[in-house]
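The values are calculated or read from the model by the stated rules, or taken from the named source; none is laboratory data. What you see is a predicted model; the values in this text were computed from it and never measured. Here Cβ is always computed from backbone atoms with ideal geometry, including for glycine, and neighbour counts include all displayed protein chains. These area figures cover heavy atoms from the full protein model, side chains too; ligands, DNA and RNA do not enter into them. Shrake-Rupley method; radii C 1.70, N 1.55, O 1.52, S 1.80 Å.
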Amino acid sequence: MVKKRELLYEGKAKKLFATDEEGHLWVQYLDQATALNGARKDEVLGKAELNNQITSSIFEKLAVKGIESHFIRQLSNDEQLVEQVDIIPLEVVVRNYATGSFSKRLAVEEGKLLDFPVLEFYYKEDALDDPIINDDHVKILGIANDEEIAVLKAAARKINEVLITLFDEIGIRLIDFKIEFGRSADGSILLADEISPDTCRLWDKETNEHLDKDVYRKDLGDIVPVYQEVFSRLKNK
Ligand code: TMP
């Protein structure tokens, strides 16, 4: 049985602990919701268990489709064991429909189906407010080289295809999402972090109801029943 060791890192939604197993980390999800780069923060009881279970379920389903991630196994309702990776400081966003910062920045109608999935890189740097950057910026900042950028883009597009189908089967339209990658000990690039209603925009196919963190961002109500709905649909699939 793996043992939890010292706290290595505390993020906005998760704590990361060392373990007694070489190269394995213990992730503890937190009952915490944040927006505006952490400026708004609330305790949300039940969120940790839901996001851990949703992420675990999605990473398992991606693995079946040949997409490797850092996920090893679920340890409890709100904890999981993952492979240690060096997180690449990029938020990779894929958009199928216009909304959010894309609609705002480019004045594209909210909810418009895009002709093809649009991929964006944001530099994960709180002090700069995570600016959008292009491939040259990724290279000049030494974040990733050409070959790695190609790997990240191909993986993001493949993940998008698998997730579109997965969510479609449970009556959900995948509007957009954010993923992160890391470099494992052998240098390979692995999907990491989480995939949950915190990191995706999920709209009910029939009603266009938000089944994601926009409920919190826009103050539309309690997110726990909303995340529970996503988890129930995933579980029963
Ligand atoms: P955006 O429209 O606000 O740029 O968000 C695009 C997608 O990325 C959306 O699904 C929410 C997700 N996202 C995160 O997971 N974390 C973030 O810090 C941001 C800005 C967006």
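Between the alpha-carbon centres of segment 151-210 and segment 64-119 there is a gap of 4 Å. Of the residues Ser188, Ser57, the one with the largest accessible area comes first in the ranking Ser188, Ser57, computed with a 1.4 Å probe on protein heavy atoms. Structure note, pairs Lys153/Lys213; Lys47/Lys213; Lys124/Lys178; Lys4/Lys65; Lys61/Lys112: Cα-Cα distances above 20 angstrom occur for Lys153/Lys213; Lys4/Lys65; Lys61/Lys112. Compute the accessible area per residue over segment 93-169, keeping the other protein chains in place, probe 1.4 Å, unit Å². On a per-residue basis, segment 93-169 sits at 57 Å². For the chain, the membrane-span-like helix rule (DSSP H, alpha carbon extent of at least 24 Å along the helix axis, mean Kyte-Doolittle at least -1.0) picks out 47-64, 146-168; this says nothing about an actual membrane. Averaged over its residues, segment 1-58 has an accessible area of 52 Å² per residue, based on protein heavy atoms and a 1.4 Å probe. Ellipticity at 222 nm from helices only: DSSP H runs of n ≥ 4 in the chain, each -39500 (n - 2.57), divided by the residue count, give -9500 deg cm²/dmol. Our estimate of slack between Lys153 and Leu36, defined as 0.36 nm per intervening residue step minus the Cα-Cα distance, is 39.5 nm. From largest to smallest, the equivalent ellipsoid semi-axes obtained for the chain from the alpha-carbon gyration tensor read 25, 23, 18 Å.
Placing a pseudo-label 7 Å from each Cα along the Cα-to-Cβ vector at Lys237 and Ser184 gives an inter-label distance of 2.3 nm.
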